[in-house]
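J.: I'd like to ask you about the structure that follows.
The values are calculated or read from the model by the stated rules, or taken from the named source; none is laboratory data. Computed from a predicted model, the values in this text were never measured in an experiment. All Cβ positions, glycine included, derive from the backbone under ideal geometry; neighbour counts span all protein chains shown. Surface areas here come from the heavy atoms of the whole protein model, side chains and all, with no ligands, DNA or RNA. Shrake-Rupley method; radii C 1.70, N 1.55, O 1.52, S 1.80 Å.
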Amino acid sequence: MYDFESKLNRKKTFASKWMVRNTKNEEYPEDIIPLSVADMEFKVMDEIKVALHKAVDEMDPYGYQAVSDAYLQSIVSWMKRHHHVHVDKDWIVLSHGVVEALVHSVKTFTEEGDGVIIFTPVYPPFFKAARSNKTSVVECPMILKDQHYEIDFALFEKQAKEKNNKVLILCSPHNPVGKVFTQEELAHIVAICKANDILIVADEIHHDCIMEGYVHTNILKFLNTYDQIILCTAASKSFNLAGLQTSNIIIPNEKLRTAYIGEDHVSINPLSMAATECAYRCGDRWIREMMHVVGINYKKASDFFASCFPKAWHSELQGTYLMWVDMRAYFENEEEMFSFLYDDACFIVNKGSTFGKNGEGFMRINLALPTKQLEIALHRLFDAYKKRQ
């Protein structure tokens with residue numbers, strides 16, 4: 001069993017999510033654990049620490065590092081074991097991050113004035129990526145229907161037919177609403193993109209973080225149907241390695257891959273490669289145990305809101321470790337809501353409006369932390385709310 005119970009103090013290491021102030025610009029005490037930025041409050045698996053120490057000892061000096069066959073094979077193996085897709089090692093292009101890859105894809109495969117389609121609400125950097133080549137954000141708001149989100153396929157097809165729209169950036173599983181797209185939904189997306197020559201840039205950074213009872217369908221399952229696909233993956237969300245800044249971009253189509261690489265030379269941190277290779281070789285059990293804890297936390301949080309904030313609503317968590325909660329019934333507006341959350345409750349979460357206009361009044365809660373610490377934060381939220389009455 002791995003350790004998912006120890007409380008960490010990441011403020012002393014200047015973890016960015018911990019360096020937050022409330023709306024009165026006051027620092028939080030060190031015992032306040034943020035539930036915002038999507039990295040975890042869990043210890044990194046011991047095997048990765050061993051691999052990093054070994055790399056530090058053996059790589060001296062720390063010069064530019066070539067990508068080893070062992071590193072590439074670890075990705076190939078992981079994708080086969082966990083996602084049941086074939087990946088040729090020649091398809092893999094390294095990047096410093098998935099967001100960087102999204103931006104680079106838009107800059108490579110669009111021209112000024114083109115449109116980039118995104119399903120909103122969505123991870124905020126998608127908006128930046130969609131605008132990165134003097135291009136336009138084309139929002140396709142998801143439909144909230146029968147307590148879950150669905151793609152508005154009629155609108156999406158209409159947008160895809162517009163000649164200036166060239167790229168779809170797809171978040172799968174979806175951040176922030178926690179949706180795992182069904183195979184049928186993805187097939188419909190692919191069919192519309194194929195019919196209209198839309199490039200699919202799929203961000204699957206959370207693809208290992210799937211709740212029990214759900215199955216993630218990797219976008220590469222549709223390669224035989226359509227190969228205008230760029231798949232963005234990383235070990236960062238799965239194994240809490242975001243600060244090491246390495247992502248693996250999988251581009252099966254040689255013409256796309258050649259254009260994407262262009263004249264650029266990307267040199268990747270050798271320590272991040274050591275950590276990623278270890279994660280993909282040794283991390284099967286860690287992922288299972290981590291997501292089990294997330295499942296426990298989701299049940300506790302869901303029960304808490306049902307009991308203490310019965311007018312609140314949240315989408316069902318199917319994938320990721322991020323809970324999307326609608327609190328509009330309790331506050332006049334989002335400004336009031338976050339003033340209360342940050343100033344009174346010391347409940348540090350992400351503001352829904354940053355994910356798009358249809359996220360206003362929601363909050364995104366990171367559930368990847370020790371269960372005891374989540375309970376403390378939830379109780380603090382309710383105690384603050386009772387004092388407000």
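J.: Only one of E139, E162 is under 19 Å from N350 (Cβ atoms), touching a residue at least 12 places away in the same chain (Cβ under 8 Å), more than 15 Å from the chain's Cα centre (by Cα) and open to solvent by 60 Å² or more (accessible area, probe 1.4 Å). Can you tell me which? Before the answer, list the steps.
T.: Values: E162 fails: under 19 Å from N350 (Cβ atoms).
Every option except E139 fails the conditions.
J.: Right, next: Condition first: open to solvent by 50 Å² or more (accessible area, probe 1.4 Å) and touching an Asp or Glu at 6+ places or on another chain (Cβ under 9 Å). Now tell me which residues in the range 268-300 satisfy that.
T.: Result: R281, C282, H292, K300.
J.: OK, next. Just for strands (runs of 3 or more DSSP E) wholly inside the range 122-216: which have at least 1 residues that are touching a Lys or Arg at 6+ places or on another chain (Cβ under 7 Å)? Can you show your working first?
T.: On the way: elements: 136-141, 143-145, 148-150, 165-171, 199-203.
Those strands (runs of 3 or more DSSP E) span 136-141, 148-150, 199-203.
J.: Let me ask you something else. Kindly indicate whether any position in the range 324-345 is within 26 Å of A130 (Cα to Cα) and among the hydrophobic types (A, V, I, L, M, F, W, C).
T.: Yes, the range 324-345 contains at least one residue that is within 26 Å of A130 (Cα to Cα) and among the hydrophobic types (A, V, I, L, M, F, W, C).
J.: Looking at the range 8-19, I want the residues that are of a type in the set (S, T, Y) and have a partner that is surrounded by fewer than 16 Cβ atoms within 10 Å (Cβ to Cβ) and not in a loop (DSSP other than H, G, I, E, B) with Cβ atoms under 9 Å, at least 6 apart or on another chain. Which pairs are those?
T.: Between residues of the range 8-19 that are of a type in the set (S, T, Y) and residues that are surrounded by fewer than 16 Cβ atoms within 10 Å (Cβ to Cβ) and not in a loop (DSSP other than H, G, I, E, B), the close pairs are S16/G243.
J.: Could you check the range 343-384 and list, in sequence order, the residues that are touching a Pro at 6+ places or on another chain (Cβ under 7 Å) and either modelled with pLDDT under 95 or in a loop (DSSP other than H, G, I, E, B) (or both)?
T.: Answer for the range 343-384, where residues must be touching a Pro at 6+ places or on another chain (Cβ under 7 Å) and either modelled with pLDDT under 95 or in a loop (DSSP other than H, G, I, E, B) (or both): I348, G356.
J.: Does K80 satisfy the criteria of being farther than 30 Å from D264 by Cα and either open to solvent by less than 50 Å² (accessible area, probe 1.4 Å) or outside any loop (DSSP other than H, G, I, E, B) (or both)? Let's see the steps before the verdict.
T.: On the way: farther than 30 Å from D264 by Cα: no; either open to solvent by less than 50 Å² (accessible area, probe 1.4 Å) or outside any loop (DSSP other than H, G, I, E, B) (or both): yes.
No; evaluated as a whole, the condition is false for this residue.
J.: Taking the range 217-254, which residues are closer than 14 Å to V98 by Cβ and either part of a strand (DSSP E or B) or of a type in the set (K, R) (or both)?
T.: Once the filter is applied, which keeps residues that are closer than 14 Å to V98 by Cβ and either part of a strand (DSSP E or B) or of a type in the set (K, R) (or both), the range 217-254 yields I230, L231, C232, T233, K237, S247, N248, I249, I250.
J.: Kindly indicate whether E336 is under 25 Å from D31 (Cα atoms) and out of contact with any Lys or Arg (no Cβ under 6 Å at 6 or more places or on another chain). Before the answer, list the steps.
T.: Details: under 25 Å from D31 (Cα atoms): yes; out of contact with any Lys or Arg (no Cβ under 6 Å at 6 or more places or on another chain): yes.
Yes: the conditions hold for E336.
J.: Between residues in the range 288-310 that are small (G, A, S) and residues that are in a helix (DSSP H, G or I), which pairs lie under 7 Å by C-beta distance while being six or more apart or on different chains?
T.: A301/L374; A301/L378
J.: Looking only at residues in the range 42-61 that are assigned to a helix (DSSP H, G or I) and among the charged types (D, E, K, R), which one is least open to solvent (accessible area, probe 1.4 Å)?
T.: Taking the range 42-61 first, the residues assigned to a helix (DSSP H, G or I) are 46-58.
From what's left, among the charged types (D, E, K, R): 46-47, 49, 54, 57-58.
Details: D46: 97, E47: 64, K49: 86, K54: 118, D57: 120, E58: 130 Å².
Of everything passing the filter in the range 42-61, E47 is least open to solvent (accessible area, probe 1.4 Å).
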